[in-house]
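Below is one structure, written out as structure tokens; the observations come after it.
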């Protein structure tokens, strides 16, 4: 019972959070994207965060689009049908290819090819994968 109530609250809460993320803060995210309430998207360069359709950014994940020390503002892209695991860190200027999964706690320092599972610090490609909506593995 509690699970169904939680899912209903999450769906209802998604609509205003999308409007806040996109139209008030300025992130370039698709309306089908889910971003956890406690994920950290870079607010120093919100226009540099791009997230494609049917992707999920989970709890405590960090997505950066600037580097204060090097005085860099860049674009960080998460493709469509991606899953960013709990506590993962995506560094500025990185592109996560469509249909990829970033494992929990991974630190992504380089671009990730499409359809890849990456894990570790620094994140490395573990294998090629096939995913559906929201980065859900298919036939694995």
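Sorted fewest first by neighbouring Cβ atoms within 10 angstrom, 76, 32 come out as 32, 76. Only helical runs count toward this figure. For the chain, summing -39,500 (n - 2.57) over DSSP H runs of n ≥ 4 and dividing by all residues gives -4500 deg cm²/dmol at 222 nm.
So for segment 64-140: antiparallel DSSP bridges make up what percent, rounded to the nearest 5?
That works out to approximately 45 percent antiparallel.
A straight chain from residue 110 to residue 73 at 0.36 nm per residue would run longer than the Cα-Cα distance by 11.7 nm. Label-to-label distance for residue 32 and residue 59 is 2.6 nm, based on points extended 7 Å past Cα in the beta-carbon direction. Sorted largest first, the principal axis extents computed over the alpha-carbon atoms of the chain equal 47, 39, 20 Å.
Annotation: for a label point projected 7 angstrom from Cα along Cα→Cβ of residue 134, residues of segment 71-108 with backbone N closer than 14 Å are 81-85.
Every number in this text was worked out from the coordinates using simple rules, so none of it is lab data. The shown structure was predicted, so the numbers you read here are calculated from the model rather than taken from an experiment. All Cβ positions, even for glycine, are placed from backbone atoms using ideal geometry, and neighbour counts span all protein chains on display.
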